[in-house]
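Asker: Starting off with a structure, shown below.
The values are calculated or read from the model by the stated rules, or taken from the named source; none is laboratory data. These numbers were taken from a predicted model, which means no experiment stands behind them. For neighbour counting, all protein chains shown are included, and Cβ atoms are generated from backbone atoms with ideal geometry for every residue, glycine included.
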Amino acid sequence: MLASANVKKTYVLDTNVVLHDPLAVYKFEDNAVVLPIFVIEEVDQFKKELSELGQNARHLSRILDELRNQNGRTLDQGVPLESTGGELRVAVPSDMPKRARGPGEMDRFILQMALDLRDEHPDQPLVFVTMDTNLRIRADALGLKAETYEGGRISIDELYSGVISADVDRDLVDQLAKRELVDADALGVELYAHAGVVLRERDRPRHTALGRFDPESGTIVPLRVGREGVWRVRPRNLEQYFALDMLLSPDIHLLTLVGKAGTGKTLLAIAAGLQSVVQDGAYSRMLVSRPIFPMGRDVGYLPGTVEEKLNPWMQPIFDNLEYIFSSGRGRGRMSDHRNYEELVESGVIQVEPLTYIRGRSLPNQFLVVDEAQNLTPHQVKTVITRCGADTKIILTGDPYQIDNPYVDSASNGLTVVAQRFQNENIGAHVTLSKGERSELAERATQLL
């Protein structure tokens, strides 16, 4: 029997779903969850890997092993999921095909099993769940209802920008412009913790003042960043003003900066880190890291030592450091500050791949994680839980430029964290929309 009489629907899960989230079997309420035997075979291929996929594969194996022989029933018969009231079953076809040889054949076997299960019980709704876009298209073409896995998915279009505008009386605008606190209740709008606020005079919309909502005091506080910026990096638009203020605020321990290429996410974060570590002494060190997801051949194909292999992936960070330490306009002459090589050699600045952070404890540090859109929610959780006392972590990235095949714009760790922390007093978020790298870069982003 496919499922008990009280089960509403049957969900057939693809391999990528359980590799992305091994707890997905518990995420379908009181419905029946079916894993084709081919999913177990594919998961088995990852069990020895030291990556997150390997961890998830082993986690799923432990879950299935614990569920075996529950209430005298085996996995092929279907075992109850007590926490949800549903049922889990490992489905085996009556005629097992030979081992898959060519690419994509295992996907075909899994899809065929979903079709067979649907045809066996036409009166029971069946949904095929996969994170593979092409497989969903193939399923739909075959008349099979298919959905993506929604666990932990955040619509990027619904992600709030971190900036709110409010039309108010002139005296409130003048009050904030004089760097006085403004009662947030006087605005009449809902504010998330540490939201950037633009106060506009009702009768004169161009008369404005900028501030940030402080959830502890319930007031709008003036921004601490002026036109001069920090470390010769000057904000060029409203969003960058808010971002710099949040980067320098000691009350914010986690900040997400989302934006397309050229909006200044990494540059602002590194400049604020230098100000906080080198100038203000608020942190013992600035650690800048990024995940390694090659667009072409993997790092192992490159010649040289480990450091030489990793250098191409770390180079964008060094490019930003070099720009900051150059002259005010970034055109040649070195700054009168120490050059960044000295700070790197002394350990004040540390640049390394994200892989090396696992297992460490990072207290009293200014931590910048670049290209965080390539991380899964679990990977981001692993990084954040490395943060010790008095550490500030900044996650930057563009959800529309993802190199990791196992996440997309809605399921990556960056957008998930931005949404989950949007109303936490220790968290803040800004979406940077205007490119400031150059007119050419901005037009290329728009037109190409």
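Asker: From the residues in region 399-434 that are surrounded by 21 or more Cβ atoms within 10 Å (Cβ to Cβ) and either of a type in the set (Lys, Arg) or part of a loop (DSSP other than H, G, I, E, B) (or both), which one is modelled with the lowest pLDDT?
Answerer: 407
Asker: Out of 302, 321, report the one residue that is assigned by TED's automatic domain parsing to the domain that holds residue 403, surrounded by 12 or more Cβ atoms within 10 Å (Cβ to Cβ) and either under 19 Å from residue 233 (Cβ atoms) or modelled with pLDDT of 55 or more (or both).
Answerer: It is 321.
Asker: Taking the options 133, 84, name whichever one is touching a residue at least 40 places away in the same chain (Cβ under 8 Å) and either under 30 Å from the mean Cα position of the chain (by Cα) or assigned by TED's automatic domain parsing to the domain that holds residue 411 (or both).
Answerer: Answer to the check: 84.
Asker: Do the conditions hold for residue 53, that is, is it in a helix (DSSP H, G or I), over 21 Å from residue 143 (Cβ atoms) and either outside the structural domain of residue 137 (by TED's automatic domain parsing) or of a type outside the set (Phe, Trp, Tyr) (or both)?
Answerer: yes
Yes/no per residue for (1) over 16 Å from residue 131 (Cα atoms); (2) surrounded by 13 or more Cβ atoms within 10 Å (Cβ to Cβ); (3) at pLDDT 90 or above:
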position	(1), (2), (3)
14	no, yes, yes
20	no, yes, no
55	yes, yes, no
60	yes, yes, yes
67	yes, yes, no
70	yes, yes, no
90	yes, yes, yes
102	yes, no, no
109	yes, yes, yes
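Asker: Let me ask something else. Just to be sure I understand, how many residues within region 185-198 are within 30 Å of the chain's Cα centre (by Cα) and either assigned by TED's automatic domain parsing to the domain that holds residue 242 or outside any loop (DSSP other than H, G, I, E, B) (or both)?
Answerer: Qualifying residue count, region 185-198: 3.
Asker: Buried (at least 18 other Cβ atoms within 10 Å of the Cβ) and either under 20 Å from the mean Cα position of the chain (by Cα) or not in a helix (DSSP H, G or I) (or both): which single residue out of 34, 43 fits that description?
Answerer: Answer to the check: 34.
Asker: Residues 185, 214, 174, 132: which one is loosely packed, with under 13 Cβ neighbours inside 10 Å and of a type outside the set (Ser, Thr, Tyr)?
Answerer: Being loosely packed, with under 13 Cβ neighbours inside 10 Å and of a type outside the set (Ser, Thr, Tyr) holds for just one of 185, 214, 174, 132, which is 185.
Asker: So which residues in region 345-376 are at pLDDT below 85, over 24 Å from residue 249 (Cβ atoms) and part of a helix (DSSP H, G or I)?
Answerer: Correct list: 354, 355, 356.
Asker: Against the condition touching a residue at least 24 places away in the same chain (Cβ under 8 Å) and either in the same structural domain as residue 25 (by TED's automatic domain parsing) or within 29 Å of the chain's Cα centre (by Cα) (or both), how does residue 143 come out, does it pass?
Answerer: Against the criterion (touching a residue at least 24 places away in the same chain (Cβ under 8 Å) and either in the same structural domain as residue 25 (by TED's automatic domain parsing) or within 29 Å of the chain's Cα centre (by Cα) (or both)), residue 143 does not qualify.
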